[in-house]
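Trainee: Before I ask anything, here is the structure I am working with.
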Amino acid sequence: MNNLIEAVNLECDPAELVQADRVHTSLYTDAQLFDVEMEKIFYSTWVWVAHVSEIPDAGSYKSTYIGKQPVIVVRDRKKAVHVLLNRCRHRGATVCEHKKGKTNSFVCPYHGWGYALDGSLRGIPHPDSYGDCLDKSELPLVSLRVEEYAGMLFATFKDDIEPLVDFLGPAKKWMDLFMKQGAGYGIKVPGEHRFRFPGNWKIQLENTTDAYHFPLVHKSFLHSVDQQTMDMLDFVDGSGYVEDLGNGHSVMVMIPDLIDLEANLEAPIPARFETLAQALRDEGIEERQVRRIVRAVGGSGFNLNLFPNVACSMAFFRVLQPISVNETEIHHAVITMDGGPAVANRYRLRLHEHFQGPMGFGTPDDSEAWERVQKGASAGEDLWIMLNRGLPGEKPSEDGRVSDVSAETGMRAAYQQWKKMMSA
């Protein structure tokens, strides 16, 4: 559906706002730029909308947004997935207000127009008054193009865009590695928590590929864990790296030993997981599978940023939803093992709460930093945001460009994609 109208004419050239080692402060503060970002980025590329486990059965649905447009992700009776604009074709009211659920149809609460799970218009109250001037086949809910990779569902407004697998490129192998957190079971998203912060969406996009801040911002978290965990998370001076994967995607490898969760299963089980390992043995699970589960519960050793709106971040999905130029909503979706041992999934939930939860030690500190960045962006509007860390050591790699773990390579990758799309 390539019928979006470009309604904003920029007074500046976006290409001038992104340089090799910096971006202009107006990328955080210019409301006009934000409006163009919706058109040229969020409505012009593949955007993550759901994980397949969120819509497991026929009739299962999830409501979300692509940019500022509300959509419904739903599985029809034949198990096909649809992404539908959440807008009645009669007078524009939303036909679904619940975050998720299960239904047989969507019915507009204003005038009762009813739609099937595939979006087709099925019922209209009192149709006689329309005579022959209404053809139901011409007024379905608008359906977007949707494709899946590794259980992750992406949608786009563009019919002529490249296939999803081409857009993801080298990021696919990292998605495959991330999904090993199922330990042989399926990956499941049992829930998420949402919050907003007063800042631009790109501030959060940067954060998921920013290791430089970790020892300072997350000092309280590091003091809340055992010494073995603290040593593992002291990765800024370690052997990790950041790699540009093309199309704005990047990976930040913080703990190289945990890239492949099914490798090196003979390694000693960390002390913090000994109780879990014994509980699994007590359930009769054989030792190799115990070790697979324990490693999966601890999460992967990397953050994978998928431009523009989702990160596979160690042990959860972090989704950003732009609200306005200076407000962003974040969804933190925890990952568990679908059908896996309940005790292991409880461990995963407690670990998620410890860092990402609203009362955790990590996310609240991150949010404070993001808010301060937005506030500071109002001072000295002619200044630039510096992104030159790690640039001297950056070098070509098989998939793009790579530098040390605290380099700003991933941010530079995202902003080069921003520049490309905004200049198109």
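Trainee: Hey, any idea what % of the range 238-342's accessible area is carbon plus sulfur with a 1.4 Å probe?
Mentor: 47 percent
Trainee: Taking only C-alpha pairs under 8 Å that are 6+ residues apart, what is the relative contact order of the chain in percent?
Mentor: Taking the mean separation of contacting Cα pairs over the length of the chain, I get 22 percent.
Trainee: Do the sum for the chain: with -39,500 (n - 2.57) for every DSSP H run of n ≥ 4, divided by all residues, what is the mean residue ellipticity at 222 nm, to the nearest 500 deg cm²/dmol?
Mentor: Rounded to the nearest 500, the figure is -7000 deg cm²/dmol.
Trainee: Assuming 0.36 nm per residue, please report the length gained on full extension of the stretch E266 to E368 beyond their Cα-Cα distance.
Mentor: Taking 0.36 nm per residue and subtracting the Cα distance, the gain is 32.7 nm.
Trainee: Is the shape of the range 27-149 best called rounded, prolate or oblate, per the rule: a/c under 1.5 gives rounded, else a/b larger than b/c gives prolate, else oblate, with a ≥ b ≥ c the square roots of the Cα gyration tensor eigenvalues?
Mentor: oblate
Trainee: Are there cysteines in the chain with no other Cys C-beta under 4.7 Å, and if so, which?
Mentor: Flagged as lacking a Cys partner: C12, C96, C133, C312.
Trainee: If I stretch the segment between A93 and A31 completely, what's the gain in nm (0.36 nm per residue apart, minus their alpha carbon distance), one decimal?
Mentor: In short, 19.7 nm is gained.
Trainee: A further question on this structure: Students often forget the sequence filter, so: which aspartates and glutamates lie under 14 Å Cα-Cα from K420 once same-chain residues fewer than 8 apart are removed?
Mentor: Counting by Cα, and skipping residues close in sequence, K420 has these aspartates and glutamates nearby: D13, E16, E37, E39.
Trainee: Taking all protein chains as present, what is the carbon and sulfur share of the accessible area of the range 1-101, in % to the nearest whole number, probe 1.4 Å? Could the numbers behind the result be given before it?
Mentor: Numbers: 2000 of 4470 Å².
Ligands and nucleic acids excluded, carbon and sulfur reach 45 percent.
Trainee: Taking Cα pairs under 8 Å and at least six residues apart, what relative contact order does the range 47-156 come out at, in percent?
Mentor: Worked out over the range 47-156, it gives 27 percent.
Trainee: Would you count, across the range 47-156, every pair of lysines whose alpha carbons are under 19 angstrom apart, provided the pair is eight or more residues apart or spans two chains?
Mentor: 10
Trainee: Can I ask one more? Among L27, L383, L134, whose mean-square fluctuation peaks in a Gaussian network model of the chain (Cα, cutoff 10 Å)?
Mentor: In this elastic network of the chain, the residue with the biggest mean-square fluctuation among L27, L383, L134 is L134.
Trainee: Which one of P140, S129, V225 has its Cα pushed farthest toward the positive end of the charge dipole of the chain, where Lys and Arg give +1 and Asp and Glu give -1 at the Cβ?
Mentor: S129
Trainee: In addition: Would you work out which of H331, T363, A414 lies farthest towards the positive end of the dipole of the range 327-424? Charges go on Cβ: Lys and Arg +1, Asp and Glu -1.
Mentor: A414
Trainee: Between M359 and A424, what FRET efficiency follows from the Cβ-Cβ distance if R0 is 41 Å, with the result rounded to 0.05?
Mentor: Rounded to the nearest 0.05, the efficiency is 0.45.
Trainee: For S397 paired with H111, estimate the spin-label separation in nm (one decimal), with each label point 7 Å from Cα along the Cα-to-Cβ line.
Mentor: Once both label points are built, they end up 5.4 nm from each other.
Trainee: Per residue, how much accessible area does the chain have with a 1.4 Å probe, in Å²?
Mentor: Accessible area per residue, the chain: 44 Å².
Trainee: While we're looking at this one, here's another question. Please give the charge dipole size of the range 47-156, origin at the Cα centre, charges +1 on K and R Cβ atoms and -1 on D and E Cβ atoms. Round to the nearest 20 debye.
Mentor: Computed about the Cα centre, the dipole is about 300 debye.
Trainee: Please name whichever of S105, V52, V81 sits farthest to the positive end of the charge dipole of the range 47-156, dipole taken about the Cα centre and charges placed at Cβ: Lys and Arg +1, Asp and Glu -1.
Mentor: Looking along the dipole axis, the top candidate is V52.
Trainee: Per-residue counts of other Cβ atoms within 10 Å, averaged by peptide: what ranking do you get for 239-250, 191-202, highest first?
Mentor: 239-250, 191-202
Trainee: In nm, to one decimal, how far is the D226 label point from the V165 one, both placed 7 Å along Cα→Cβ?
Mentor: Roughly 4.3 nm, to one decimal.
Trainee: Sticking with this structure for a sec: Which percent of the accessible area of the range 107-192 is formed by carbon and sulfur heavy atoms (probe 1.4 angstrom)?
Mentor: Reported share for carbon and sulfur atoms: 51 percent.
The values are calculated or read from the model by the stated rules, or taken from the named source; none is laboratory data. Fair warning: this is a prediction, and the values are worked out from it, not measured in the lab. Reconstructed Cβ throughout: ideal geometry from the backbone, glycine too, with neighbour counts over all protein chains shown. Note: areas computed on protein heavy atoms with side chains; ligands, DNA, RNA excluded. Shrake-Rupley method; radii C 1.70, N 1.55, O 1.52, S 1.80 Å.
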